[in-house]
Amino acid sequence: MKRIRIAIVSMIILIFLRDFIVKIIDNVIVNPILSEIESSLFNDILFVGIFFWILYIIGANCKKMVTTDVYQVLLSTWLIIVIINYRFISDHWEFTKTTLIDFIAYLDILIPILTIEILKFFLPKKNQEDIDEGKRFYNDNPIHSDKEDKLERQTLAASIAEHILNTRIDKRAFSIGIYGEWG
């Protein structure tokens, strides 16, 4: 919840400081770097390669059921709004278009990627019970009832505990060794 509040406050601050931030972006990113990018077949191929590489990473995360949290949804939504505003509504910046498809700008790659990040929020979460028993580790949390004793070691543990309690430890060393089929 704290991250969401920080995100919302940050967005409000960015809205009020928009002109100042745009000047910084112009001086630090747009003028020295982005304005130097020219439309070419090489850049188009690089653009398509990066786009599909990012889609592959997102797909792999979806397969692993890695979902987006509310903070990422807010940030992605805000970025889409900013990109659409500066790309289609404002005429502050000129966006370099691709050579092959002249109505797509290189920056447009972010819109579908951010949209997919938002859609991942609505993916079903993977339930621990849905995971195949053979493909996960057991946790090492203490159990609180005989029902939770999946390895059926309650009797052995009680016997060991009784022996420990009945052992006199003066100034001698004391160690316990357990040997069984499991190791």
Legend entry - Those residues of segment 34-56 which are within 28 Å of the chain's Cα centre (by Cα) and more than 16 Å from I101 (Cβ to Cβ), in sequence order: L34, W53, I54, L55, Y56
Legend entry - Enumeration of residues in segment 1-40 that are touching a residue at least 12 places away in the same chain (Cβ under 8 Å) and of a type in the set (A, V, I, L, M): I4, A7, I8, M11, V22, V30, L34, I37
Legend entry - Where H92 falls short, out of the listed (1) free of Cβ contacts under 8 Å to residues at least 12 places away in the same chain; (2) open to solvent by 70 Å² or more (accessible area, probe 1.4 Å): (1)
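Would you check which residues across segment 103-126 are loosely packed, with under 11 Cβ neighbours inside 10 Å and modelled with pLDDT of 85 or more and list them? Lay out the reasoning, then the answer.
Restricting attention to segment 103-126, the residues satisfying the condition of being loosely packed, with under 11 Cβ neighbours inside 10 Å are 103, 122, 124-125.
Within segment 103-126, just F103 meets the criteria.
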Inset, instruction - Give me a count of the residues in segment 89-108 that are within 31 Å of the chain's Cα centre (by Cα) and among the polar types (S, T, N, Q). - result: 2
Inset, instruction - Hey, could you check segment 18-74 for residues that are more than 20 Å from R87 (Cβ to Cβ) and not in a helix (DSSP H, G or I) and say which is least open to solvent (accessible area, probe 1.4 Å)? - result: T68
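Could we say that K97 is of a type in the set (K, R), open to solvent by 70 Å² or more (accessible area, probe 1.4 Å) and either touching a helix residue (DSSP H, G or I) at 6+ places or on another chain (Cβ under 7 Å) or closer than 21 Å to V48 by Cβ (or both) here? Working first, answer last.
Values: of a type in the set (K, R): yes; open to solvent by 70 Å² or more (accessible area, probe 1.4 Å): yes; either touching a helix residue (DSSP H, G or I) at 6+ places or on another chain (Cβ under 7 Å) or closer than 21 Å to V48 by Cβ (or both): yes.
Judged against the criteria, K97 is a match.
The values are calculated or read from the model by the stated rules, or taken from the named source; none is laboratory data. Owing to the predicted nature of the structure, the values given are computational and were not obtained by experimental measurement. Virtual Cβ from ideal backbone geometry, glycine too; neighbours counted across all protein chains shown. SASA here: full protein model, heavy atoms, side chains in, ligands and nucleic acids out. Shrake-Rupley method; radii C 1.70, N 1.55, O 1.52, S 1.80 Å.
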